[in-house]
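*Asks:* Let me begin by handing over the structure; questions about it come next.
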Amino acid sequence: MKRLKIKEVLKGELVGQQVLVKGWVRTKRGSKNVNFIALNDGSTINNLQVVADVEKFGEDFLKDINTSASLGITGDLVASQGSGQLVELNATEIVIYGKADPEKYPIQPKKHSLEFLRENAHLRFRTATFSAVFRIRHAMAFAIHQYFNNRGFVYLHTPLITGSDAEGAGQMFRVTTLDPKNPPLLEDGKIDYSQDFFGKSTNLTVSGQLEGELGATALGEIYTFGPTFRAENSNTARHLAEFWMIEPEMAFYELQDNMDLAEDFLKSLIKYALDNCMDDLEFLSKRLQEEEKNKPMDERSMELIEKLRFVLENDFIRLPYTEAIEVLKNSNHYKKNKFQYPVDWGTDLQSEHERYLVEKHFKKPVILINYPKEIKAFYMKQNQDGKTVAAMDVLFPGIGEIIGGSQREEDLDKLVTRMNEMGVPAHEMEWYLDTRRFGTVPHAGFGLGFERLLLFVTGMGNIRDVIAFPRTPKNAEF
Ligand code: 4AD
Ligand code: MG
């Protein structure tokens, strides 16, 4: 018999028929006469209730059916007598693929802390919470490709190993095959990277943007979607050392077009989640509300689905950095010295400032534009005022920065001057500068942090819980 997915079976259309399902036991409870097995195969948050007759299967056989054991079950699908489910399966045949010793299996059918599950990340997919998170993660990845494909963007695979530092941030992981104990040295004592694998010093990429620009200035509109690496030592709930980033880059786009695309893109992803992931969202929403019960009223966040709809239905605020500084300085929060970090024109906004603007002041997502050039990357388009660049950061409630992007400087001389001012080695990036030498065009793009998006959509509080195997300082387990 052909195996069916539990998601299909639960629709109830097959009542009266024999079906075969395969999956893992979530829970088993029993009486003298029957055992009830909640079976899950990952296709949906919902379990299939299986009814196993004790006399038929024997107590000896049924005692091996514990949480996380894997089973194949054939049975008659019937309308359920109990409440809580539409159908249930009366088992006629049960195959145990693998037992799971209940004394040793670390994840018990009870509520575990997220910290505990992080330490058991290899098994946490088997919990309802993480199965929901990873189904949504998949759905969002699919929706991203669909969004760009529908608009004629070309998916460009940019390299993970690079010789350049795209963000000029200098927080990169080195890639080398040299012997760390005995590297070849130059006369001045520095390491001789000409003898390294690539004949030069190389790193894991912090962004695919620079290569993305090469693609966009010929293919028109491209996007990248891949792993990104940052060796910044920020042990926060919003930073990973290895995260996934989506970077669209568009020829002939200016800052305004870039903002329009970013807003439409985010809204369309949220809409996709609401249209396609409702079971998982409802589960996560309940989970979140349970957690929020312990928080004081004014710290509780909006109900998850309501929050997603709210973002979908409202225009994002668009505001120059300079005006944001004014808003912050005029706030009671500032006057009462409640910000930990200073608010001064020219300094980068901290997460507390971003969240104040979004959560307390505007109560909507905010796109901040035209940042001081000193705090932004060399490639951003220099504005007429000589002080700011055409940057844009999209700030989300509960998250802070979810997107960073800009219009790019398309003028060769201005770009090279800025590179020299910022100590970016222009001579090593002739390939990049060629885009400005031959048929340069206005162009723009942005980077969406995939896990930051998932934090928002799932309502999870820690970025380590929306990527399967998180890499953070002092942690590369699994
Ligand atoms: O603002 P960032 O550094 O921008 C860039 O890398 C540009 N090259 C993007 C572009 O214009 N093509 O990073 C973009 C986004 C951030 O807004 C944030 O969502 C995410 O990437 N991000 C991180 N996510 C998780 N962990 C980290 N350590 C992150 N650093 C950035
Ligand atoms: Mg940024």
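What follows is calculated from the coordinates using simple rules that are stated; it is not laboratory data. Remember, it's a predicted structure, so these values are computed and weren't measured experimentally. In this analysis, Cβ positions are derived from the backbone assuming ideal geometry, glycine residues included, and neighbour counts consider all displayed protein chains.
*Asks:* Taking a ≥ b ≥ c as the square roots of the eigenvalues of the Cα gyration tensor of region 394-443, is the shape rounded (a/c under 1.5), prolate (a/b larger than b/c) or oblate? Present the calculation step by step, with values, prior to reporting the outcome.
*Replies:* Values: a/c = 3.12, a/b = 1.96, b/c = 1.59.
Taking the square roots of the gyration eigenvalues as a ≥ b ≥ c, region 394-443 is prolate.
*Asks:* Using a Cα-Cα cut-off of under 16 Å, which lysines could be cross-linked to residue 335, ignoring same-chain neighbours fewer than 8 residues away?
*Replies:* Straight-line reach from residue 335, under 16 Å: 360.
*Asks:* Still on this model: Just to check I understand the Karplus step: with θ = phi - 60° and J = 6.51 cos²θ - 1.76 cosθ + 1.60, what whole-Hz values come out for region 222-238, glycine and proline as x?
*Replies:* My calculation for region 222-238 gives 10, 8, 10, 7, x, x, 9, 10, 9, 8, 7, 8, 9, 8, 10, 7, 10 Hz in order.
*Asks:* Going through region 258-352, which trypsin sites (Lys or Arg not before Pro) have at most 10 other Cβ atoms within 10 Å and a DSSP loop state? Don't skip to the end; give the middle numbers.
*Replies:* Details: sites: 267, 271, 286, 287, 293, 300, 307, 309, 318, 329, 335, 336, 338; in loops: 293, 300, 336, 338.
For trypsin sites (Lys or Arg not before Pro) across region 258-352 that sit outside H, G, I, E and B with at most 10 neighbouring Cβ atoms in 10 Å, the list reads 293, 336.
*Asks:* From the phi angles alone, apply the Karplus equation (6.51, -1.76, 1.60; θ = phi - 60°) to region 252-262 and give each ³J(HN,Hα) in whole Hz, x where the residue is Gly or Pro.
*Replies:* Karplus-based 3J(HN,Hα) across region 252-262 equals 6, 9, 10, 4, 4, 4, 4, 5, 4, 5, 4 Hz.
*Asks:* Give me the percent relative contact order of the chain, please, defined on Cα pairs under 8 angstrom at least 6 residues apart. Intermediate values should be presented prior to the final figure.
*Replies:* Numbers: 839 pairs, mean separation 62.2, N = 478.
13 percent.
*Asks:* A further question on this structure: With θ set to phi - 60° and the Karplus curve 6.51 cos²θ - 1.76 cosθ + 1.60, what are the ³J(HN,Hα) couplings of region 199-214 in order, to the nearest whole Hz, using x for Gly and Pro?
*Replies:* x, 7, 6, 10, 9, 7, 5, 9, 4, x, 4, 4, 5, x, 4, 4
*Asks:* Go through region 152-234 and name the trypsin sites (Lys or Arg not before Pro) that are in a DSSP coil and have 10 or fewer other Cβ atoms within 10 Å of their Cβ. Let's see the in-between values first.
*Replies:* Values: sites: 174, 181, 190, 200, 230; in loops: 181, 190, 200, 230.
The qualifying sites are 181, 190, 200.
*Asks:* Given region 1-66, what count of lysine pairs have C-alpha atoms under 13 Å apart, with each pair 8 or more places apart or on different chains?
*Replies:* Values: 2/22; 5/22; 7/22; 28/63; 32/56; 32/63.
Pairs that pass both the separation and distance tests number 6.
*Asks:* Given axes a ≥ b ≥ c from the Cα gyration tensor, I'd like to know whether region 1-143 is rounded (a/c under 1.5), prolate (a/b larger than b/c) or oblate.
*Replies:* Working: a/c = 1.99, a/b = 1.23, b/c = 1.62.
The shape class here is oblate.
*Asks:* Moving to a separate point now. What does the charge add up to near residue 184, with Lys and Arg as +1, Asp and Glu as -1, over the other residues with Cβ less than 14 Å from its Cβ? Show your work: numbers first, answer last.
*Replies:* Details: positive: 181, 190, 200; negative: 179, 187, 188, 192, 196.
Spelling it out: positives minus negatives among the neighbours equals -2.
*Asks:* Could you tell me the distance between the Cα centroids of region 424-478 and region 32-48, to the nearest Å?
*Replies:* Region 424-478 and region 32-48 have Cα centres separated by 40 Å.
*Asks:* Note the full-extension length gain between residue 340 and residue 55 as 0.36 nm times their separation in residues minus their Cα-Cα distance, in nm to one decimal.
*Replies:* On the way: separation 285, 0.36 × 285 = 102.60 nm, distance 6.73 nm.
Full extension from residue 340 to residue 55 adds 95.9 nm.
*Asks:* Roughly how many Å is it from the Cα centre of region 315-393 to that of region 72-134, as a whole number?
*Replies:* One Cα centre to the other: 47 Å.
*Asks:* Using the crude model of +1 on Lys and Arg Cβ and -1 on Asp and Glu Cβ, and no other charge, please compute the dipole size for region 300-361 relative to its Cα centre, in debye to 20. It would help to have the intermediate numbers written out before the result.
*Replies:* On the way: 10 positive and 11 negative charges, 62 e Å.
That gives a dipole near 300 debye.
*Asks:* Under the rule that an exposed site lies in a DSSP loop and has at most 13 other Cβ atoms within 10 Å, name the longest stretch of the chain with no GluC sites (Glu not before Pro) of that kind, not counting the sites themselves.
*Replies:* Values: sites that count: 13, 103, 187, 477.
It works out to 188-476.
*Asks:* Let me ask something else. Where does the charge balance sit around residue 66 when Lys and Arg score +1, Asp and Glu -1, over other residues with C-beta under 12 Å from its C-beta? Kindly include the intermediate steps, with their values, before the conclusion.
*Replies:* Details: positive: 26, 28, 29, 63, 99, 104; negative: 64, 101, 103.
The answer is +3.
*Asks:* If the chain between residue 414 and residue 254 were fully stretched, how many nm would it gain, using 0.36 nm times the residue separation less the Cα-Cα distance? Display every interim value, and only then the final one.
*Replies:* Working: separation 160, 0.36 × 160 = 57.60 nm, distance 1.72 nm.
Contour length minus the Cα-Cα distance gives 55.9 nm.
*Asks:* Output needed: percent of Cα pairs per 20 Å distance bin for the chain, bins running from 0 to the one holding the longest distance.
*Replies:* 20, 46, 27, 7, 0
*Asks:* Can you give the net charge of the other residues whose Cβ lies under 14 Å from the Cβ of residue 152, counting K and R as +1 and D and E as -1?
*Replies:* -1
*Asks:* Further, regarding this structure: Measure of size requested: the Rg and Dmax of region 92-133, with Cα atoms as the atom set and Å as the unit; please supply both.
*Replies:* When restricted to the Cα atoms of region 92-133, Rg and Dmax are 12.4, 40 Å.
*Asks:* Just to be sure I understand: of the beta bridges DSSP finds with both ends in the chain, what percent are antiparallel, rounded to 5? Could the numbers behind the result be given before it?
*Replies:* Numbers: 68 of 78 bridges.
Expressed as a percentage, antiparallel bridges in the chain total about 85.
*Asks:* Let me ask something additional. Report the full-extension gain for the segment residue 350 to residue 157: residue separation times 0.36 nm, less the Cα-Cα distance, to one decimal in nm.
*Replies:* Numbers: separation 193, 0.36 × 193 = 69.48 nm, distance 3.19 nm.
Full extension of this stretch gives 66.3 nm more.
*Asks:* Let me ask you something else. For the chain, what does the helix formula give at 222 nm: sum of -39500 (n - 2.57) over DSSP H segments with n ≥ 4, over the residue count, nearest 500 deg cm²/dmol? Mind dumping the intermediate values first?
*Replies:* Values: 15 runs with 145 residues, N = 478.
So the helix-based figure for the chain works out to -9000 deg cm²/dmol.
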